[in-house]
Amino acid sequence: MSEHLIPWLVPFRPSRAAARLRRSPRWLIGFCVLAVLAGAIEVFSHSPAVEATLEHLPNSATAPEREAVREDLDAALPARVAMIPVQVFVSTSLRALMWYLLFAAFGAGDLPRGKQLMSISVGAGVIDQCERLAETLHAFYGTSLATETSVFPWSVLALTGEMPSYAGTLLLTSLNMFTLWSVGAVGWALSVLCSTSKIKAVLIAAAVWTVSAGCTIVLLHLLRNAYALSP
């Protein structure tokens, strides 16, 4: 594998990737490839996302109103795709910053450098896009369209079989095998990168994931209220 794509090894060989990134952190090329992948998945997921949005409009919405919503969503697609690199960069940077602050606050091992953490964060972003792709494939081939409250078969919500409050549904959907994959791989990589115990590193990775998931749930809840989407 090219040295520039070592961050993509984090989800699959976290120990090996972290050891190499500790010596020679490289994140820019890996980030660019990640941004392209995220943009491609955004285009791929557009059609089922539009249908899911139309399904969740109020029953009072007329056919012309639904068609107007469809046209607005289609027209907004190029702008959304253009913003993908910015969104990926912000999420990658914030995740790396939170890791740094937690390591600095708790003195867990060697304090990592920014380039090293950005490299690991790009690797975590690969898992995020794998989850996004799985959701899109589920939307195309599953029994129903995938939305942020869909019962994905790999989530805790599928195990409980219950639909709690909207925020609770989002939380149970977020807790899934991709969560375990991300926290486990990132924690393992951070433990090697910072020469600290796996338990401490996994706890830090889990804490950052919890903050990120909490912010996402709040944002989706606010958007749902703003657009008056039906549950």
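The values are calculated or read from the model by the stated rules, or taken from the named source; none is laboratory data. Please read these numbers as outputs of a predicted model, since none were measured by experiment. Glycine gets a Cβ as well: all are built from the backbone with ideal geometry, and neighbour counts include every protein chain shown. When the accessible area is computed, the model is the full protein with side chains, heavy atoms only, and any ligands, DNA or RNA have been set aside. Shrake-Rupley method; radii C 1.70, N 1.55, O 1.52, S 1.80 Å.
Residues in the stretch 135-156 that are open to solvent by less than 20 Å² (accessible area, probe 1.4 Å) and either over 23 Å from residue 48 (Cα atoms) or modelled with pLDDT of 70 or more (or both): 136, 139, 152, 155.
With respect to residue 5, is the statement that it is hydrophobic (A, V, I, L, M, F, W, C), in contact (Cβ under 8 Å) with a residue 60 or more places away in the chain, in a helix (DSSP H, G or I) and under 26 Å from residue 89 (Cβ atoms) true? No; evaluated as a whole, the condition is false for this residue.
Restricting 45, 60, 91 to residues that are closer than 21 Å to residue 18 by Cβ and not β-branched (Val, Ile, Thr) narrows the list to 91. Among all residues of the stretch 26-46, there is at least one that is over 23 Å from residue 216 (Cα atoms), open to solvent by 30 Å² or more (accessible area, probe 1.4 Å), in a loop (DSSP other than H, G, I, E, B) and at pLDDT 90 or above. If you go through the stretch 74-91 and pick out every residue that is open to solvent by less than 70 Å² (accessible area, probe 1.4 Å) and touching a residue at least 24 places away in the same chain (Cβ under 8 Å), you end up with 6.
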